[in-house]
Structures are given as structure tokens and as C-alpha cells.
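Structure, as C-alpha cells:
The values are calculated or read from the model by the stated rules, or taken from the named source; none is laboratory data. Because the structure is a prediction, the values reported are computed rather than measured. Ideal geometry is used to build each Cβ from the backbone, glycine not excepted, and the neighbour counts take in all protein chains shown. Note: areas computed on protein heavy atoms with side chains; ligands, DNA, RNA excluded. Shrake-Rupley method; radii C 1.70, N 1.55, O 1.52, S 1.80 Å.
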Amino acid sequence: MQSLDEITQALARTLADRQLRVVFAESCTAGLAAATLASVPGISAYLCGSAVTYREQTKQDWLRVSAEDLARFTAVSEPVARQMATGVLENTVEADVSAAITGHLGPEAPAELDGVVYVAVAQRQAQTVRVTSVERVVLATSTRSERQREATGVLLNCLKSSIETDFV
């Protein structure tokens, strides 16, 4: 398994090779993905930023996540991850691709959501934004801080894989 540093370096190379700019929408990682990627020298050419939308109302206000979907599916769901990825990319005109994450890192999570994250990647195509991948991942670690780092690695890895698959 790759370290978070190795994942970060590989993603930075992929963004540079493809000349793509990325923006994040982060909930459970609380900005750690953008901060981790920002540790790479020269990444400002490819990293637009991150919307840390930890609370449901902020997801609605900043990313146009549907209140109905939040009520129906909860914030830890595929529909919400999709809307986060779409919303942040629509709001960041200089970005080519976005990656969003939402999840429950615990403690006190409902059993079915404990350690579960959803990652969505979207790309700009002409005048539209299209979600290219969504993944549900059950994290292997158990403490909140370990899970936050693991979730960051999952997000960065999913983004890299989606770029390699969808930006040919």
C-alpha cells in the first residue's frame, strides 16, 4: 500500500502531465486533502482550492446540495457526494476536475455508516459538468485521526485513477 506522501506525489505528477486544475469539496477530511496536496512545490499551478463543507447547511449554501437529498439519504451518501463534486466544479470556473468526499469517521456513528466514505470525481466537458466516478469505501483504520488520513489518501487516489481513466 502506498503512503500518503507517495499518493500525493503521484497525483501531483498526473495533474502536471495532463495540465489539469483541480478543486476539492471536503467534508470529513476537513481540508486535509488540499493541505496535503499543497505540500508539493509548484502545485499552485494545478490546485485551485478546497471548499470545506463540514455541515449540511454549508453543503447546501456553497455547493447547492439538495436539502431533500440530505434528508432522504443523509450527508454520507452517493447522491450527496455527486452533488458536492458537481457544485464545487460549477463554482470554480478555472478548474477542470473536482473531487469530493463525505463520510462518517466516528465515534458515535450509526453502525452502518461508521468508517464509511463516499468519493465522487467530476470533470468539465464543454459547457457541462459530469460525474465520472463515485466510490463507497469502508475505511480500515479505527481512530478518527487515522481515518481522516486514510480518507484523504482514498480521495487523492480516486482522483488520480479517475483522471488516468477519463482524461485520455
Subset of region 106-123, residues touching a Gly at 6+ places or on another chain (Cβ under 7 Å) and either among the β-branched types (Val, Ile, Thr) or open to solvent by 10 Å² or more (accessible area, probe 1.4 Å) (or both), comes to ASP114, VAL116, VAL117, TYR118
Output for Cβ contacts, cut-off 9 Å, separation at least six or different chains, first residue acidic (Asp, Glu) in region 117-137, second crowded, with 18+ Cβ neighbours inside 10 Å, reads GLU135/ALA81; GLU135/VAL117; GLU135/TYR118; GLU135/VAL119; GLU135/ALA120; GLU135/VAL121; GLU135/VAL154; GLU135/CYS158
Note: among ALA111, ALA151, ALA71, just one is assigned to a loop (DSSP other than H, G, I, E, B) and aliphatic (A, V, I, L, M), namely ALA111
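Looking at region 50-73 only, could you name the residues that are open to solvent by 20 Å² or more (accessible area, probe 1.4 Å), touching a residue at least 12 places away in the same chain (Cβ under 8 Å) and over 18 Å from ALA151 (Cβ atoms)? It would help to see each step written out before you state the result.
Step one: list which residues in region 50-73 are open to solvent by 20 Å² or more (accessible area, probe 1.4 Å), which gives 50, 52, 54-58, 60-62, 64, 66-69, 71-73.
Imposing the further condition that a residue be touching a residue at least 12 places away in the same chain (Cβ under 8 Å) reduces the set to 50, 52, 54, 56, 62, 64, 66, 69.
Selection gives GLU56, TRP62, ARG64, SER66, ASP69.
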Note on region 34-49: residues open to solvent by less than 50 Å² (accessible area, probe 1.4 Å) and either basic (Lys, Arg) or part of a loop (DSSP other than H, G, I, E, B) (or both) are VAL40, TYR46
